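What follows is a set of notes on a single structure, which appears directly below.
The values are calculated or read from the model by the stated rules, or taken from the named source; none is laboratory data. Computed from a predicted structure; not experimentally measured. Neighbour counts are summed over all protein chains in view; Cβ atoms, including those assigned to glycine, are modelled from backbone coordinates with ideal geometry.
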Amino acid sequence: MTLNPTAGTCVGIHLGLQQIRLIVADVSHSVIAEQTIPMALDYQPQQAAQMAKSAIAQSYEENGLPMAGLLGVGISVSGPVSRDGVVLRASIVPTWAGVNIRDVFGPVLERPIFADNESNCSAIAELMWGAAIGQDDFVLFKIDLGVGGAIVQHGQLVTGIAGGAGEFGHISIDPGGDLCRCGNRGCLELYASFARPLEQISRVVRRQVTMDDVIMMAKEGDVRALRMIEDTAEIAGRGLGLIGSVLNPPLIIIGGQMALAGDILLTPLIASYERHTLIKSRDVAPALRTRIIVGKHTENDALLGAVGLVLRHQTKELSLG
Ligand SMILES: [Zn+2]
């Protein structure tokens, strides 16, 4: 189906730990405006809705867009979200647990609201416009300061009964391991995210480095940065091996900021996956092997996916009509 780019606009919002990011896109997902609003830690839902309202109004005015063309608002949340839009416990912003996103944003923004987990939004972005175009079945695995995941089957997100499907970061790989923010012990996120390696490198180089810095250092051959990325890849591959044994997916897309490391991450990760999963590449014909690739939208993915939430609904409406 081809959509007319003048047919309307959508807003995608990502609710982060200390900031709200927002894009305005047309129905062909071209980004027209972008804003980042710094927020205090533990900002409140009502405050977020009001900030979003004024940011949207400002973006539309500055770009000469008619507010009447706003089809809907997609909201990406760093944590599990139920099908009816309630943020579940273990979200990155703890005070939001139990909050219904639609009930909070709907009355303020006066538009249809679509909310989902950040990784699910990323998967939608890859499915609609990225590395998973034409792929009905795949798994997304995000390696960032946390670990996220999503499962797509038959072109649809697998949500689980309460919205908790695909939370790969909270598979326990060490029952006696450290306590995770989710309340379990030894979660994959504690070992396969890049939070701890970042602390370790910062300590060794005696300055606060970012993930971008580490990726740059690794590309320049810094052995410390390479080691941290390889260790992360090894553990991520172990976790992915479990997921592979459960789902045996045709495609695994690696997302999150660490995906920008490319082959430095991918090569050891694929080797580790092969070691830990049930079906080895050599067991099956090339067409039946699980492909592991990096995503196309590793930076704007959650926001684009939030726009995708709106468009998927709108196109469904159009095709039903
Ligand atoms: Zn956990």
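Key figures
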read-out: Residue 181 of a type in the set (Lys, Arg), in the same structural domain as residue 243 (by TED's automatic domain parsing) and part of a loop (DSSP other than H, G, I, E, B); value: yes
read-out: Residue check for residue 166: part of a loop (DSSP other than H, G, I, E, B), in contact with a strand residue (DSSP E or B) (Cβ under 9 Å, 6 or more places away or on another chain) and crowded, with 19+ Cβ neighbours inside 10 Å; value: yes
read-out: Single match in 76, 91, 82 (criterion: at pLDDT below 90, outside the structural domain of residue 170 (by TED's automatic domain parsing) and polar (S, T, N, Q)); value: 91
read-out: Subset of the range 72-112 (residues that are within 16 Å of the ligand (Cβ to nearest atom) and of a type outside the set (A, V, I, L, M, F, W, C)); value: 78, 79, 80, 89, 91, 94
read-out: Long-range neighbours under 6 Å by Cβ, at least six apart or interchain, first residue assigned by TED's automatic domain parsing to the domain that holds residue 262 within the range 210-222, second part of a helix (DSSP H, G or I) and of a type outside the set (Val, Ile, Thr); value: 211/257; 214/225; 215/260; 215/261; 217/225; 218/225; 218/226
read-out: Number of the exception - residue 129 against (1) farther than 28 Å from residue 46 by Cβ; (2) modelled with pLDDT of 95 or more; value: (2)
read-out: Any hit, the range 228-250, residues being within 25 Å of residue 297 (Cα to Cα) and within 14 Å of the ligand (Cβ to nearest atom); value: yes
read-out: Long-range neighbours under 6 Å by Cβ, at least six apart or interchain, first residue under 17 Å from residue 20 (Cα atoms) within the range 92-107, second assigned to a helix (DSSP H, G or I); value: 99/45; 104/45; 104/49; 105/49
read-out: Residue selected from the range 173-204 under the condition out of contact with any helix residue (DSSP H, G or I) (no Cβ under 6 Å at 6 or more places or on another chain) and charged (D, E, K, R), by the criterion nearest to residue 269 (Cα to Cα); value: 196
read-out: Elements of type strands (runs of 3 or more DSSP E) contained in the range 25-130, each with 1 or more residues being surrounded by fewer than 21 Cβ atoms within 10 Å (Cβ to Cβ); value: 31-38, 70-77
read-out: Matching residues, the range 61-86, being in contact (Cβ under 8 Å) with a residue 40 or more places away in the chain, more than 24 Å from residue 166 (Cα to Cα) and out of contact with any Gly (no Cβ under 8 Å at 6 or more places or on another chain); value: 65, 72
read-out: Qualifying residue in the range 226-247 (condition: in contact (Cβ under 8 Å) with a residue 24 or more places away in the chain, closer than 30 Å to residue 29 by Cα and within 20 Å of the chain's Cα centre (by Cα)); value: no
read-out: Selection count, the range 145-202, where residues are in contact with a Pro (Cβ under 7 Å, 6 or more places away or on another chain) and near the ligand (Cβ under 10 Å from one of its atoms); value: 3
read-out: Matching residues, the range 256-308, being surrounded by fewer than 18 Cβ atoms within 10 Å (Cβ to Cβ) and among the small types (Gly, Ala, Ser); value: 262, 271, 281, 285, 287
